[in-house]
1. Leaving out ligands, DNA and RNA but keeping every protein chain, what accessible area does residue 93 have, in Å² rounded to the nearest 10, with a 1.4 Å probe?
2. Mind checking which lysines have their Cα closer than 19 Å to the Cα of residue 158? Skip sequence neighbours fewer than 8 apart in that chain.
3. Counting heavy atoms of the protein chains only and a 1.4 Å probe, report the per residue accessible area for the chain as a whole number of Å².
4. Count neighbours as other Cβ atoms within 10 Å of each site's Cβ, and list the chymotrypsin sites (Phe, Trp or Tyr not before Pro) in region 1-100 that are DSSP loop with at most 16 such neighbours.
5. With only Lys, Arg, Asp and Glu charged, each at its Cβ (+1 for the first two, -1 for the last two), find how big the charge dipole of the chain is about the Cα centre; round to the nearest 20 debye.
6. Which lysines have a Cα less than 20 Å from the Cα of residue 131, not counting those fewer than 8 places away in the same chain?
7. Over the heavy atoms of residue 197, what accessible area does a 1.4 Å probe trace out, to the nearest 10 Å²?
8. Put one equal scatterer on each alpha carbon of region 82-170, apply the Debye formula with no solvent term, and list log10 I(q)/I(0) at q = 0.15 1/Å to two decimals.
Amino acid sequence: YTVGIVLFVFGLIMLRRFIRAIDVAERARDDLERRVTEKTHELEVNLVRIKDMEREQALSAERERLMRDMHDGVGGQLAQALAVAANDPRLRTMEEPLRGCLEELRLIIDSMEPVDGDLASVLGTLRVRLKNRLNAAGIKILWQVEDLPPLNDFGPHKVLQVSRIIQEAIANMLKHSGADVITLSAKAATVDEGSHISIAVLDNGRGF
């Protein structure tokens, strides 16, 4: 009986160690699977990031090429035609349409620059574009742009539309208001339907 009891106890000890070894092996396998899953996810994220960077680099190179071609090609020809029209009394009627085409081309070129949702930088670029024209007309512009939050999905198309609206508003003031002071303000606000940015273009002209 003593031998049987010893063998039985020894068997229990071996079985216990065997079960413990299996448990350790299973935990090691689960840990390895978890690490493999994490590394796979990291590789997938890095791959997507690399593809995004490659696509952004390709778009940036194409954007620079288009901007250079428009600036040196169409832009140069428009500027030359505008200079001819300004110096020839017979072509004075063409001066304003040509100037509008040149300004529109500059807006398109400016809108292609990446802004990362920064509306303030878009307004600043537009201010530089309008400065000479307003100075020539003897109009003072008051700039009241507060700190603005970044805008999501504020790509070239929306940048161009915002720039066009503001430029058209100022062009109408130049033509019709008789103003000598223009105020452009932009500020963030929160109302019932959520947060937004408000842009206002005001003048001290005679109105309608």
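1. Taking all protein chains as shown, residue 93 has close to 110 Å².
2. 187
3. The answer is 73 Å² per residue.
4. Passing sites in region 1-100 are 1.
5. 200 debye
6. Within the straight-line limit of under 20 Å, residue 131 reaches these lysines: 140, 175.
7. For residue 197, the solvent-accessible surface is approximately 40 Å².
8. Taken in order of the listed q values, log10 I(q)/I(0) reads -0.65.
The values are calculated or read from the model by the stated rules, or taken from the named source; none is laboratory data. Please read these numbers as outputs of a predicted model, since none were measured by experiment. Neighbour counts run over all protein chains shown; Cβ positions are idealised from the backbone, glycine included. Quick note on the areas: whole protein, heavy atoms, side chains included, nothing else; ligands and nucleic acids left out. Shrake-Rupley method; radii C 1.70, N 1.55, O 1.52, S 1.80 Å.
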